[in-house]
Amino acid sequence: MIKKIVEKAAANFSELSANDRCIQNVETASVWIIDAMKSGHKILCCGNGGSAADAQHFAGEFLCRFYKDRKPLPAIALTTDTSTLTAIANDYSYEEVFSRQVEALGSPGDLLFGISTSGASKNVLKAFQMARHRQVKTILLTGSIEREIAKISDLTIKVPSSDTPRIQEMLLLVEHILAEVVEKAFL
């Protein structure tokens, strides 16, 4: 069983490597991040469950370092402030937990990264809608099935799987690639 899981993951990574559109979208995302940060803007990140952990991890790669010591780069995970998250969920709804933060923190020129393996998380969708209103560019990291958020995303990075654990593995690779490319641009 273990060997079959590893083989499936390896096959997914091979498929990802051969997916020129996905690779091009990762390259475009890296350019957008570099341009935003070099012009004084920030990255906002959100997602639910494992994707919330990925959003925090992704922001941390910029705020701390990836490989090399460098100046910290501006990134905020919208998933980390439990007082804010629970207040918004209680006073409004869970669907608003990210959009209210984008409304307060997002400025034209910023980027919003939404991580949703399903591509259908209602709170990520609302955050993307608010980002559009606030003139914040959006990048969706998701699986292969086209859903609601991709329809309004400025850029969608779709990895070639519909299986949640395999999507998460490939999205972590994408996040690490982005962190490495961006870091090199700032060294």
Answer yes if at least one residue in the range 35-52 is touching a Phe, Trp or Tyr at 6+ places or on another chain (Cβ under 6 Å) and open to solvent by 20 Å² or more (accessible area, probe 1.4 Å), and no otherwise.
-> no
Can you tell me which residue among K68, K151 is surrounded by fewer than 14 Cβ atoms within 10 Å (Cβ to Cβ) and either under 30 Å from I5 (Cβ atoms) or in contact with a Leu (Cβ under 6 Å, 6 or more places away or on another chain) (or both)?
-> K68
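Specify which of the listed residues (V136, V124, V159) is out of contact with any strand residue (DSSP E or B) (no Cβ under 7 Å at 6 or more places or on another chain), touching a residue at least 12 places away in the same chain (Cβ under 8 Å) and open to solvent by less than 10 Å² (accessible area, probe 1.4 Å). Explain how you work it out, then say what you get.
Working: V136 fails: out of contact with any strand residue (DSSP E or B) (no Cβ under 7 Å at 6 or more places or on another chain); V124 fails: out of contact with any strand residue (DSSP E or B) (no Cβ under 7 Å at 6 or more places or on another chain).
Exactly one of V136, V124, V159 is out of contact with any strand residue (DSSP E or B) (no Cβ under 7 Å at 6 or more places or on another chain), touching a residue at least 12 places away in the same chain (Cβ under 8 Å) and open to solvent by less than 10 Å² (accessible area, probe 1.4 Å), namely V159.
The values are calculated or read from the model by the stated rules, or taken from the named source; none is laboratory data. The structure displayed is predicted, hence computed values, not measured ones. Cβ atoms come from the backbone with ideal geometry, glycine included; neighbour counts cover every protein chain shown. Keep in mind that these areas ignore ligands, DNA and RNA; they rest on the heavy atoms of the full protein, side chains included. Shrake-Rupley method; radii C 1.70, N 1.55, O 1.52, S 1.80 Å.
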